[in-house]
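The values are calculated or read from the model by the stated rules, or taken from the named source; none is laboratory data. What you are looking at is a predicted structure, and each value in this text was computed from that prediction instead of being measured. Here Cβ is always computed from backbone atoms with ideal geometry, including for glycine, and neighbour counts include all displayed protein chains. Just the protein is used for accessible areas: all its heavy atoms, side chains included, with ligands, DNA and RNA removed. Shrake-Rupley method; radii C 1.70, N 1.55, O 1.52, S 1.80 Å.
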Amino acid sequence: MKSVVIEQPGELVLAERPLPQPAAGEVRVKVQYASICGSDVHIWHGHNPFAKYPRVIGHEFFGLIDAVGDGVANNRIGERVAVDPVVSCGHCYPCSIGRPNVCKELQVIGVHRDGGFSEYAVAPAKNAYRLPDSVPDKLASMVEPFTIAANITAFLKPQPNDVALIYGAGPMGLTAIQVLKGVYGVEQVLVVDRLPERLALAQENGADGVFNNSEIPLAAQLEGVQPTLIIDAACHPSILAEAAALASPAARIGLLGFSGEPCSITQQSLTSKELSLFTSRLNSNRFPQVIEWIEQGQIQPEKLVTHYFPLADVEQAMTLFEKDPRTCCKVILQMG
Ligand code: NAI
């Protein structure tokens, strides 16, 4: 089979690899579509601290189960599935309270173990979620990125009367807009980015107001509006302090970033307004929820997708995704 292998940082090859056999409790998926995420690019360039090399990347993927390991029902063969990349031990403290995404022995498919930019991939059977026919093949790899928004909004508990502010109109910000509008019915969703093209995409995805902070600071543009719910999907370390300064008293702030740089913020700026701070990593069993949202038309994954490429053009696809955020949002690889 053909697989996209990062042999070592900086070295991406489309390699011929032996077909993997599903172990006990696993399924093998004949991958049909897989979408590119920033973390795939980070692994390629050696900027992901969790990745081990060589690694088949890709953690957003969809396909058909074509083989099962011991203990998995044979009738799963042929199922159309989206694969949750979160592999957890099932017995540590976070697993015991329903948060496998921060399992003490967390393994992420495509990061810690081989992933879905490949003609075939193996995964635990319970990670392979059957899709209803209403989720089209070409969009099925988009379930995973929406689970990030599902996870953070589960902490933030959005209400219709919230004034929400989202930093960043990349894939993470855009999925958050759609979930706030389409699922939670938040009346006012404001979005800030530095790129006008991304802000246009934010509007297409449902934003009620957009701000470009490349020249004029956001505070000067908000004219005193105090957001009650803020999601940082731009993830620069300077944003938390600004978000706390702009937030309404009693607001909730959600953070998605993984920067190793310190955020400089005073206790006073948080405590005086009794702000609640939530962090969110990957997703905790949110695939069924997102699949239902797509089925019910509450979210529209197609609004994020700008490009499709054949697997053979993976390097071109990843380079475009990385270098051209003005024309490019989600880029999907088609296998076979
Ligand atoms: P992206 O790079 O496509 O989008 C980020 C957007 O933020 C860009 O449009 C950029 O112009 C904008 N931006 C950057 N600095 C800004 C600033 N100071 N003010 C306003 N806008 C600014 O990235 P993507 O894929 O949307 O991911 C966003 C972040 O989310 C990344 O840092 C990524 O590491 C993180 N992430 C976290 C996950 C989690 O589970 N916690 C999962 C996936 C991504």
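Side notes on the structure shown:
- When Rg and Dmax are taken over the Cα atoms of the chain, they come to 19.9, 62 Å.
- Restriction of the GluC sites (Glu not before Pro) in region 130-235 to DSSP coil positions whose beta-carbon has at most 10 other beta-carbons within 10 angstrom yields 215, 223.
- Loop-resident GluC sites (Glu not before Pro) (DSSP state other than H, G, I, E or B) in region 1-109 with no more than 14 further Cβ atoms inside 10 Å of their Cβ: 105.
- Region 32-99: C-alpha gyration tensor shape, a/c 1.5 cut-off, then a/b vs b/c: oblate
- Theoretical ellipticity at 222 nm over the chain - DSSP helices of four or more residues, -39500 (n - 2.57) apiece, nearest 500: -6500 deg cm²/dmol
- Ranking of 3, 214 by solvent-accessible surface, largest first: 214, 3 (1.4 Å probe, protein heavy atoms only, all chains present).
- Note on the chain: GNM, Cα springs under 10 Å; of 199, 64, 222, the largest mean-square fluctuation is that of 222.
- Low-density loop cleavage sites - GluC sites (Glu not before Pro) in region 244-322, where at most 15 other Cβ are within 10 Å (DSSP): 274
- Looking at region 149-279, the accessible area is 45 square angstrom per residue; that uses a 1.4 Å probe and ignores ligands, DNA and RNA.
- Close Lys-Lys pairs in the chain, where close means Cα under 15 Å and separation is 8 or more or interchain: 7
- For the chain, a crude dipole built from +1 on the beta carbon of Lys and Arg and -1 on the beta carbon of Asp and Glu, taken about the Cα centre, is about 620 debye to the nearest 20.
- Gaussian network model of the chain, Cα within-10 Å springs - most flexible of 114, 324, 137: 324
- Solvent-accessible ranking of 59, 47, 42, largest area first, probe 1.4 Å: 47, 42, 59
- Given charges at beta-carbon only (K, R positive; D, E negative), |dipole| of region 41-133 in Debye: 300 debye
- Accessible carbon and sulfur surface of the chain relative to its total accessible area, %, 1.4 Å: 50 percent
- Whole-number Å³ per residue for the convex hull built on Cα positions in region 149-279: 97 Å³
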